[in-house]
Amino acid sequence: MTYHHGDLRRTLLDAAAASIAQSGVAKLSLRALAKDANVSNAAPTYHFGDKAGLLTALAAEGFELLAEAVSSPRHQSLVDMGVSYVDFALTHPSHFLVMFQPSLLRDGDDDLNLAQQHARAALEAGVRDARDHGSDDESSSRAAWSIVHGFATLVLSGAITVADPLAEARRVAAHLDIDQLE
């Protein structure tokens, strides 16, 4: 066994994401991740405690990546932000899967809570900025989130098959154009 590893935490998070993408979260094993990383079986436990700790860290990372994706200055509209949300989900499917399954995560984890707050604030700011009057309408935020989250989930699950998911995401997200809805 190798006991010195460059960035074992990063290696384990990347390996967990790859494993979830290939076999699903139910088959994720800390022991298998340790074996693949050529470290002792106890090494993942040192970094994450248990499987829930690993999934919580993966979810926290996902929420931070989501906040970054939807906060991009390249967004000129709510539609652009919606497409970025779908692009995030398709680019990081394992993160996306665990982020919205609280039963897999450690409740009350400080890093997770902070990352969730960042993502929520970024999503709400995007909706608020898209509205001319700057309203902080919670139902508008939820509607926007529901549309793009639902579309991303349907694509990832295979319930919807499209040749170009981002182009279709743009057409779906066009329903978010607040000016057309008011």
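The values are calculated or read from the model by the stated rules, or taken from the named source; none is laboratory data. Everything quoted here is computed from the prediction, not taken from an experiment. Ideal geometry is used to build each Cβ from the backbone, glycine not excepted, and the neighbour counts take in all protein chains shown. Only protein heavy atoms, including side chains, enter the accessible area calculation; ligands, DNA and RNA are left aside. Shrake-Rupley method; radii C 1.70, N 1.55, O 1.52, S 1.80 Å.
Among the residues of this structure, Leu66 counts as one that is in contact with a helix residue (DSSP H, G or I) (Cβ under 6 Å, 6 or more places away or on another chain), touching a residue at least 12 places away in the same chain (Cβ under 8 Å), closer than 19 Å to Leu13 by Cα and open to solvent by less than 10 Å² (accessible area, probe 1.4 Å). Do the conditions hold for Tyr46, that is, is it without any contact (Cβ under 8 Å) to a residue 60 or more places away in the chain and either part of a helix (DSSP H, G or I) or out of contact with any His (no Cβ under 9 Å at 6 or more places or on another chain) (or both)? Yes, satisfied. Checking each residue in the range 83-135 for being over 25 Å from Leu166 (Cβ atoms), open to solvent by 60 Å² or more (accessible area, probe 1.4 Å) and at pLDDT below 95 picks out Asp107, Asp132, His133.
Has the range 74-83 got at least one residue that is over 21 Å from Val155 (Cα atoms) and charged (D, E, K, R)? Yes; the residues of the range 74-83 include at least one that is over 21 Å from Val155 (Cα atoms) and charged (D, E, K, R). Across the range 136-158, the number of residues qualifying as outside any helix (DSSP H, G or I) and either modelled with pLDDT of 95 or more or surrounded by fewer than 13 Cβ atoms within 10 Å (Cβ to Cβ) (or both) comes to 2.
Restricting Gln22, Gln76 to those that are polar (S, T, N, Q), surrounded by fewer than 19 Cβ atoms within 10 Å (Cβ to Cβ) and assigned to a helix (DSSP H, G or I) reduces the list to Gln22. If I filter the range 159-181 down to residues being open to solvent by 100 Å² or more (accessible area, probe 1.4 Å) and of a type in the set (A, V, I, L, M, F, W, C), which single residue comes out as modelled with the highest pLDDT? For the range 159-181, the residue satisfying everything is Ala163.
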